[in-house]
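Asks: Would you mind keeping the following structure in view while I ask a few things?
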Amino acid sequence: MRRRWSTILVSLLLLPLLVLALVGAAGVLDHKPAWNPFAEETVDRTGPSVLESLTEISNFHAASGYYETVVDIEKDTRFVPDWISGERVLYVGKGHVDGVVDFSDLDEDSVTVSDDGTMAAITLPPPTVGSPALDLENSYVVSYDQGIINRFKGSELEREAQLRAVEQMEAAAAGEGMLLDMAEENTASMLRGLLGALGFSQISISFE
């Protein structure tokens, strides 16, 4: 009986979440006739999105934090004035970082069930910081100064600032502890609700 309950609980915890890439089609934009024979028209020939892969998710995203980072990067050329060769960007990066609990390695040894089916104990791995997601819509460049040479040769400085913002968000989420503490609390609360609905009256949730 105990073995059967353990198997059932592990199966419930490992229900896969599928991330689907939505397939949409874009058609040619409709335009009303205009009296101006030289009026501009926009023709959208964008093809439909194509589903290339499906990913099975076994991580529980238990908490999410929203972070803001101010990145200031400057690159100079020695002995050359900034207005000739040099660049500087001031970038405000905003984005989400999740606290994640990995359910993929859970097995029957991670779940203990009493013989009478009233008590359940689950041991989980500690929460970790997920990959940051930069909010491009709300992130922005405050200022971007370039020397004459840099304007002609192109620059990746803004992209570098974005990557730096992502690094800072991940470090902040891992260092402060608040996100991971909330992830523990939310995961335990979710599992207590699930097990309580299954009839368990004594529930113990612990993290390694």
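Asks: Regarding the range 194-208, can at least one residue be identified that is among the β-branched types (Val, Ile, Thr), in contact (Cβ under 8 Å) with a residue 12 or more places away in the chain and either under 21 Å from residue 92 (Cα atoms) or touching a Lys or Arg at 6+ places or on another chain (Cβ under 9 Å) (or both)? I'd like the intermediate steps shown before the answer.
Replies: Here is the first cut: in the range 194-208, the residues among the β-branched types (Val, Ile, Thr) are 203, 205.
Add one more test, that the residue is in contact (Cβ under 8 Å) with a residue 12 or more places away in the chain, and what stays is 203, 205.
Filter once more, keeping what is either under 21 Å from residue 92 (Cα atoms) or touching a Lys or Arg at 6+ places or on another chain (Cβ under 9 Å) (or both): 203, 205.
Checking the range 194-208: at least one residue is among the β-branched types (Val, Ile, Thr), in contact (Cβ under 8 Å) with a residue 12 or more places away in the chain and either under 21 Å from residue 92 (Cα atoms) or touching a Lys or Arg at 6+ places or on another chain (Cβ under 9 Å) (or both).
Asks: Count, please, the residues in the range 112-130 that happen to be crowded, with 16+ Cβ neighbours inside 10 Å and under 9 Å from residue 204 (Cβ atoms).
Replies: Start the filter on the range 112-130 by keeping residues that are crowded, with 16+ Cβ neighbours inside 10 Å, which leaves 112-113, 120-122, 124, 127, 129-130.
Filter again for under 9 Å from residue 204 (Cβ atoms), leaving 112, 120-122.
The qualifying residues number 4.
Asks: Conditions: (1) without any contact (Cβ under 8 Å) to a residue 60 or more places away in the chain; (2) surrounded by 15 or more Cβ atoms within 10 Å (Cβ to Cβ). Residue 133 meets all but one. Number of the miss?
Replies: (2)
Asks: Still on this structure, I have one more. Checking residue 146 against (1) more than 30 Å from residue 203 (Cα to Cα); (2) without any contact (Cβ under 8 Å) to a residue 60 or more places away in the chain; (3) out of contact with any helix residue (DSSP H, G or I) (no Cβ under 8 Å at 6 or more places or on another chain), only one condition comes out false. Which one?
Replies: Result: residue 146 fails condition (2) only.
Asks: Then there is this: Conditions: (1) basic (Lys, Arg); (2) in contact (Cβ under 8 Å) with a residue 40 or more places away in the chain; (3) under 30 Å from residue 117 (Cα atoms). Residue 164 meets all but one. Number of the miss?
Replies: Tallying (1) basic (Lys, Arg); (2) in contact (Cβ under 8 Å) with a residue 40 or more places away in the chain; (3) under 30 Å from residue 117 (Cα atoms), residue 164 fails exactly one: (3).
Asks: Related question: Would you confirm, using the coordinates I've provided, whether residue 182 is crowded, with 16+ Cβ neighbours inside 10 Å, touching a residue at least 40 places away in the same chain (Cβ under 8 Å) and over 29 Å from residue 88 (Cβ atoms)? Step through it out loud before you land on a result.
Replies: Details: crowded, with 16+ Cβ neighbours inside 10 Å: yes; touching a residue at least 40 places away in the same chain (Cβ under 8 Å): yes; over 29 Å from residue 88 (Cβ atoms): yes.
Considered against the rule, which asks whether it is crowded, with 16+ Cβ neighbours inside 10 Å, touching a residue at least 40 places away in the same chain (Cβ under 8 Å) and over 29 Å from residue 88 (Cβ atoms), residue 182 comes out as yes.
Asks: If we scan the range 142-162, do we find a residue that is part of a strand (DSSP E or B), within 25 Å of the chain's Cα centre (by Cα) and not basic (Lys, Arg)?
Replies: Yes: one or more hits.
Here is a yes/no grid of residues against (1) more than 15 Å from residue 64 (Cα to Cα); (2) surrounded by fewer than 19 Cβ atoms within 10 Å (Cβ to Cβ):
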{"residue": "138", "(1), (2)": "yes, yes"}
{"residue": "144", "(1), (2)": "yes, yes"}
{"residue": "172", "(1), (2)": "no, yes"}
{"residue": "178", "(1), (2)": "no, yes"}
{"residue": "200", "(1), (2)": "yes, no"}
{"residue": "205", "(1), (2)": "yes, yes"}
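Asks: Anything in the range 71-107 that is farther than 18 Å from residue 186 by Cβ, in contact (Cβ under 8 Å) with a residue 40 or more places away in the chain, assigned to a strand (DSSP E or B) and of a type outside the set (Gly, Ala, Ser)? List them, or say none.
Replies: Scanning the range 71-107 gives 71, 73, 75, 87, 88, 89, 90, 91, 92, 94.
None of the figures in this text is laboratory data; all of them are computed from the coordinates on show. Values in this document were obtained by computation on a predicted structure and should not be read as measured data. All Cβ positions, even for glycine, are placed from backbone atoms using ideal geometry, and neighbour counts span all protein chains on display.
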